[in-house]
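Reviewing the structure listed below.
The values are calculated or read from the model by the stated rules, or taken from the named source; none is laboratory data. Remember, predicted model here, so these are calculated numbers, not experimental data. With ideal geometry, Cβ positions are generated from the backbone for all residues, glycine too; neighbour counts draw on all protein chains shown. Just the protein is used for accessible areas: all its heavy atoms, side chains included, with ligands, DNA and RNA removed. Shrake-Rupley method; radii C 1.70, N 1.55, O 1.52, S 1.80 Å.
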Amino acid sequence: MTRELPKAWIPADRENEIYERWVKAGYFTADVTSDKPPFSIVLPPPNVTGSLHMGHALEHAVMDALVRRKRMQGFETLWLPGTDHAGIATQTLVEKQIAIDGKSKEDFGRELFIDKVWDFKRESEGSIKGQMARLGDSVDWTRDRFTMDEGLSQAVQTIFKRLYDAGLIYRAERLVNWSPVLQTAISDIEVKYADVEGELVSLRYGSLNDNEPHVIVATTRVETMLGDTAVAVHPEDARYAALIGTTLEHPITGRQIPIVADDYVDPKFGTGAVKITPAHDPNDFELGLRHNLPMPNIMDTKGRIVDTGTEFDGMDRFEARVKVRERLAAEGRVVAEKRPYLHSVGHSERTGEPIEPCLSLQWWVKVEQLSKAAGDAVRNGDTVIHPASLEPRWFGWVDNMHDWCISRQLWWGHRIPVWYGPNGEVECFGPGETAPEGWTQDTDVLDTWFSSGLWPFSTMGWPDKTPELEKFYPTSVLVTGYDILFFWVARMMMFGTFVASSETDSPGPVPFKDVFLHGLLRDEHGKKMSKSRGNGIDPLDWVDEYGADATRFTLARGANPGADLSVGTPHITASRSFVTKVFNASKFAMMNGARVGELPAELTDADKWILGRLEETIADVDEAFESYNLSKACEALYHFTWDEVCDWYLELAKVQFGTDSADNTRVVLGNVLDKLLRLLHPFLPFVTEDLWTALTGGDTLVISEWPKTSGFAAGEATQNIENFQKLITELRRFRSDQGLKDSQKVAARITGLGTGQLPPPIAALARLTDATDTFAATASLEIRLSFGTVTAEIDTSGTVDLVAERKRLEKDLSVAEKDLAQTTAKLGNPEFLSKAPDAVIEKIKARKQVAEEEVARITERLNGLK
């Protein structure tokens, strides 16, 4: 040991100091002039408004593990950090802040309000960086980016103009998710659906006379009938055949609305007739396009009824819902009311209000060409999705994508670079271009996903030709959740492939070569973590209580590609125990002289076995990393460390320290520990740093060499140690069956090993002593090993209270016999067997077998008592 280690590993005492030393030394800073092969990851940018939640911590644990391993493998690594301006979220927070003083954004005007948002950004972004440092993220802080940096803004303007000039961006009235509280369109990912108790009202259109033309339709949003422009039926529904092509008078507005035939209608659902409100329902909008229907918008930006020419104009949509129903009921047009009626309603994630599908003039991206290229990139292998089982979901989205609404009615964000001239001119101006005097810029800003869709290459300086792009683009892997595969990953793929197709010297065909999709985080009961459920965990709470290493290992251990993972107190406490085990075992080894050196020529079977298992573990961990199965890598390291190094080799090393092979054992133990700490470093960077530098005297583990297999073969030693392990395990069980305490030593005689005396390793690990002349066996056991049968006899006279032991065994026998009788009775009952499921019967059979074995074991033990 080159320096003294603390008595115990206390993360809070060491983690900050270690991290600051890493950053100061420049270990995380990428060198674009390096001849090393590149490995790059761009951090999915967290919103500048918030703090890292456990989902972020999972991603960071995975990304950091990948980056740290590649850095140790000799790659020039770039893990590029940054934050997202988060248009709606950030503007909403700042508006709430100024509202405390009774102000609104209009009181400041656009420019002054945006200055306030920039002030907020500068204050809030530091907390995220601090959290990342606490987790141990080995990001290149010299290249920290923000989606509204000057360089990234240039990238946004460049891509917008290219798409606009290519005819792939257009302005049109189409249906959007409208937030009356925020007064802007919002994206699908910002809409959360929840079941609510509403009402289902059945209305009568047409004549109130049953013998005259009429139809009955049902709706949960009665107020939208003010915007109805048709009633639709199925073309083959005989009930309405005579009405198709005719018109009915609208019950309130008096206008004539046609009866149209469309396959969209399900004739078996309800009355088979559907009211059509094209400006306020997505399905109705599509049907309206097919039938060239009028599309009157009956609500303003605040969700108030407008332009209907009725007494409902000016009412809020929810007030109008009641008043319209009351009028229709007074006229005898409400046929039925179902209340409460449980149905799914989309709500704004930011405000909690029900969103309003609304026809609105917005900017759109024409996605057909772009989404096809994104799909083809995966089909032809330019980008590989892990796990492959999620490919169908990818193709299902990109192959059926609708045009993308990219405009938002906000002030904070990338303003749309389109100007309007005094004579109706419309023109897009890119970077370095200036609109003529007197022209006005479009007031909308771009959807946040537009700028974050450029993240992999805009952060490296595109559209300029930069050394970073040349060295590190395309990026090596994107790590993100499968829940935003469509919203973010698809956008990046569309933009990345478009840039590749529009530039003769593009930096690469795709933005990333691999996509590693992790699952959703759930609590220890399997429920999805969310604010509304109150079951979320602040990752820094775990870091404070258990340390960053334990937090990271808990998350990485559950990181199977595409699979959800449950985490809770049992998981983090187990990880803390593992970190403690690594520290204590390593410190013990160093205190006993473990050191790194050339392996000796003479090795014991135990030495050969642990070196062989180390070889296999290195191979297993490498294979797991290459397939992005970090859970498998963690499991391999956990069991090798705990089950083999600590439980077996260290115990055998204690014996070997007292023999002529002691010095050789110290070298073997030191070499195993050296490589093990390197393997563990991507997951447990802090504790391994302190242990490895103490063991080797090296400066840092961060840039040390990743272990490689050497071809070492343990040969027969593997079988010999497996025999030894089985022998010790059976002897320990045998001791337990005799009622011996773990600390009690007992005289034993073992035959079949070819030795006269107990071998020291067996005596030490099984807590046995050699038989003396007064030895009188009180119990015996046969153990079958690969080379034959070994017989063990022990003398427990004077070590066990026979009376108390007999009473304990008789009590255990009574329990076992009762269970055996119950299971036997059930399996002998024909009526029970005829009704019970097969799975239940199989469980009872298994219980019976266990009970039989327990009765036999206890009976044998009772008979052996003397």
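Close amide H contacts of HIS214 (hydrogens built in the peptide plane, cut-off under 5 Å, sequence separation of 5 or more or a different chain): SER207. Where does the chain land at 222 nm, in deg cm²/dmol rounded to the nearest 500, when only DSSP H runs of n ≥ 4 count, each adding -39500 (n - 2.57), divided by all residues? It comes out at -13500 deg cm²/dmol, rounded to the nearest 500. Taking every alpha-carbon pair under 8 Å whose residues sit at least 6 apart, the chain reaches a relative contact order of 13 percent. Counting only protein heavy atoms and using a 1.4 Å probe, the accessible area of SER51 comes to about 70 Å². Could you tell me how far the Cα centroid of segment 693-770 sits from the Cα centroid of segment 496-540, in Å? With segment 496-540 and segment 693-770 each reduced to a Cα centre, they are spaced 45 Å. Placing a pseudo-label 7 Å from each Cα along the Cα-to-Cβ vector at LYS372 and THR434 gives an inter-label distance of 4.1 nm. In order along segment 681-687, phi translates into HN-Hα couplings of 3, x, 9, 10, x, 6, 5 Hz, rounded to whole numbers, per the Karplus curve 6.51 cos²θ - 1.76 cosθ + 1.60 with θ = phi - 60° and x for Gly and Pro. The phi torsions of segment 619-626, fed into the Karplus equation with coefficients 6.51, -1.76 and 1.60 and a -60° offset, translate into couplings of 5, 5, 5, 4, 4, 5, 4, 5 Hz, rounded to whole numbers, with Gly and Pro shown as x.
How much net charge surrounds ALA624 when only other residues with a Cβ under 14 Å from its Cβ are counted (Lys, Arg +1; Asp, Glu -1)? List each step's numbers first, then the result.
Working: positive: ARG69, ARG557, LYS632; negative: GLU616, ASP620, ASP622, GLU623, GLU626, GLU635.
Overall, the nearby charge balance is -3.
I'd like the carbon and sulfur percentage of the solvent accessible area for the chain, probe radius 1.4 Å, heavy atoms only, ligands and nucleic acids excluded. Don't skip to the answer; put the middle values down first.
On the way: 18930 of 38460 Å².
In the chain, the share of accessible area belonging to carbon and sulfur is 49 percent.
Computed 3J(HN,Hα) for segment 820-828, one whole-Hz value per residue from the Karplus formula 6.51 cos²θ - 1.76 cosθ + 1.60 where θ = phi - 60°, is 5, 5, 5, 5, 5, 5, 5, 6, x, glycine and proline marked x.
Amide hydrogen proximity for ARG522: with H placed 1.01 Å from N in the peptide plane, the residues at 5 or more positions away or on another chain lying under 5 Å are MET529, LEU565, SER566, VAL567.
Taking every DSSP bridge with both residues inside the chain, close to 70 percent are antiparallel.
Return the whole-Å distance between the Cα centroid of segment 612-632 and the Cα centroid of segment 326-367. Spelled out, the Cα-based centre of one part sits 53 Å from the other.
Pop the C-beta distance of ASP399 and LYS745 into the FRET formula with R0 = 56 Å and round what comes out to the nearest 0.05.
Values: r = 72 Å, r/R0 = 1.28.
So the FRET efficiency works out to roughly 0.20.
Which links in LYS116/LYS161; LYS527/LYS581; LYS275/LYS323; LYS528/LYS581; LYS121/LYS465; LYS372/LYS465 stretch past 21 Å when you go from one Cα to the other?
Working: LYS116/LYS161 29 Å; LYS527/LYS581 30 Å; LYS275/LYS323 19 Å; LYS528/LYS581 31 Å; LYS121/LYS465 29 Å; LYS372/LYS465 27 Å.
Correct reply: LYS116/LYS161; LYS527/LYS581; LYS528/LYS581; LYS121/LYS465; LYS372/LYS465.
Note on segment 143-217 and segment 404-427: Cα centroid distance 17 Å, given to the nearest whole angstrom.
With Cβ to Cβ distances under 15 Å as the rule, what net charge do the other residues near THR751 carry (K, R +1; D, E -1)? Mind dumping the intermediate values first?
Numbers: positive: ARG749, ARG784; negative: GLU730, ASP770, GLU782, GLU793, ASP795.
That works out to -3.
Pairs of Cα atoms nearer than 8 Å and 6+ residues apart set the relative contact order; for segment 360-476 it is 22 percent. If you count Lys pairs in segment 746-866 whose Cα atoms are under 20 Å apart, skipping same-chain pairs closer than 8 places in sequence, the total is 15. Accessible area of LEU820 (1.4 Å probe, protein heavy atoms only, ligands and nucleic acids ignored): about 40 Å². Shown is the FRET efficiency for LEU827 and ARG379, computed with R0 = 45 Å from the Cβ-Cβ distance and rounded to the nearest 0.05: 0.20.
If I stretch the segment between GLU311 and ASP541 completely, what's the gain in nm (0.36 nm per residue apart, minus their alpha carbon distance), one decimal?
Gain on stretching GLU311 to ASP541: 77.2 nm.
FRET efficiency for the ASP13 to SER736 pair, using the beta carbon distance and R₀ = 35 Å, is estimated at 0.35. Amide hydrogen proximity for ALA230: with H placed 1.01 Å from N in the peptide plane, the residues at 5 or more positions away or on another chain lying under 5 Å are ILE276. This structure gives Cα Rg over 2.2 N^0.38 Å, computed directly, and of [x] 1.42; [y] 1.25; [z] 1.16 that value is listed as [y]. Rolling a 1.4 Å probe across the protein heavy atoms gives segment 181-303 an accessible surface of 45 Å² per residue. Of all stretches in the chain that contain no GluC sites (Glu not before Pro) in a DSSP loop with at most 12 other Cβ atoms within 10 Å, the longest one is 5-235.
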